[in-house]
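Here's the structure, in structure tokens; my notes come after.
The values are calculated or read from the model by the stated rules, or taken from the named source; none is laboratory data. Everything numeric in this text was worked out from a predicted model, so none of it was measured. As a convention, Cβ positions derive from the backbone with ideal geometry for all residues, glycine included, and neighbour counts pool all protein chains shown.
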Ligand code: S3P
């Protein structure tokens with residue numbers, strides 16, 4: 001991998017990751033998509049039929065598999081929170097970039113989301129609490145942080161490129 005993006009749901013990992021990969025002329029891998037392919041089910045279905053623990057196990061396997069690939073990797077919002085992934089991400093030589101956003105921006109972006117089981121389960125206030133619980137880990141695992149609230153996706157990509 002050339003770069004790994006971490007951050008909360010709605011922080012723009014997929015949009016920015018695709019653009020960054022294009023700029024670096026390398027493939028983009030979205031960890032959620034790798035999981036969906038491995039399981040042959042949507043994220044929603046995995047949560048409903050097998051529960052979050054099963055999802056986290058698949059996510060860990062998908063991360064190990066993806067770290068060996070060439071390209072840019074967009075992780076899921078919960079990926080760095082799991083101890084076994086946290087260590088992998090801390091120890092990798094690949095730059096890990098935190099895309100950060102204010103809770104207000106996340107609430108705005110996830111308000112009508114139906115594809116994120118945790119967002120639906122927790123509601124908007126629950127999401128803000130979850131983000132505050134996770135923020136320290138995102139910081140610890142990343143090499144640098146970009147505050148994306150006032151930036152267009154292309155500007156986020158520029159900011160990342162300057163630091164890579
Ligand atoms: C999750 C984030 C999602 C997805 C799953 C769980 C989380 O990824 O992996 O729904 O725990 O924050 P995105 O951050 O791409 O939405």
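Only a single criterion out of (1) more than 21 Å from residue 131 (Cβ to Cβ); (2) in a loop (DSSP other than H, G, I, E, B) is not satisfied by residue 9, namely (1).
Do we find that residue 63 is in contact (Cβ under 8 Å) with a residue 40 or more places away in the chain, surrounded by 17 or more Cβ atoms within 10 Å (Cβ to Cβ) and either farther than 19 Å from residue 88 by Cβ or touching a helix residue (DSSP H, G or I) at 6+ places or on another chain (Cβ under 9 Å) (or both) in this structure?
Details: in contact (Cβ under 8 Å) with a residue 40 or more places away in the chain: no; surrounded by 17 or more Cβ atoms within 10 Å (Cβ to Cβ): yes; either farther than 19 Å from residue 88 by Cβ or touching a helix residue (DSSP H, G or I) at 6+ places or on another chain (Cβ under 9 Å) (or both): yes.
Considered against the rule, which asks whether it is in contact (Cβ under 8 Å) with a residue 40 or more places away in the chain, surrounded by 17 or more Cβ atoms within 10 Å (Cβ to Cβ) and either farther than 19 Å from residue 88 by Cβ or touching a helix residue (DSSP H, G or I) at 6+ places or on another chain (Cβ under 9 Å) (or both), residue 63 comes out as no.
Checking each residue in region 11-32 for being in contact with a helix residue (DSSP H, G or I) (Cβ under 7 Å, 6 or more places away or on another chain) and away from the ligand (no atom under 11 Å from the Cβ) picks out 16, 19, 20, 23, 27, 28, 29.
Mind listing whichever residues of region 33-75 are part of a loop (DSSP other than H, G, I, E, B), modelled with pLDDT of 95 or more and either away from the ligand (no atom under 12 Å from the Cβ) or more than 16 Å from the chain's Cα centre (by Cα) (or both)? Break it down stepwise before answering.
The initial filter retains those residues of region 33-75 that are part of a loop (DSSP other than H, G, I, E, B), namely 40-42, 68-71, 75.
Okay, now just the ones that are also modelled with pLDDT of 95 or more, so 40-42, 69-71, 75.
Answer for region 33-75, where residues must be part of a loop (DSSP other than H, G, I, E, B), modelled with pLDDT of 95 or more and either away from the ligand (no atom under 12 Å from the Cβ) or more than 16 Å from the chain's Cα centre (by Cα) (or both): 40, 41, 42, 69, 70, 71.
Can you confirm whether residue 133 is surrounded by fewer than 18 Cβ atoms within 10 Å (Cβ to Cβ), out of contact with any helix residue (DSSP H, G or I) (no Cβ under 6 Å at 6 or more places or on another chain) and closer than 18 Å to residue 21 by Cβ? Criteria not met by residue 133. Does residue 106 count as closer than 23 Å to residue 151 by Cβ, surrounded by 18 or more Cβ atoms within 10 Å (Cβ to Cβ) and modelled with pLDDT under 95? Criteria met by residue 106.
Taking the listed residues 86, 8, the one that is within 13 Å of the ligand (Cβ to nearest atom), touching a helix residue (DSSP H, G or I) at 6+ places or on another chain (Cβ under 6 Å) and at pLDDT 95 or above is 8, with no other qualifying.
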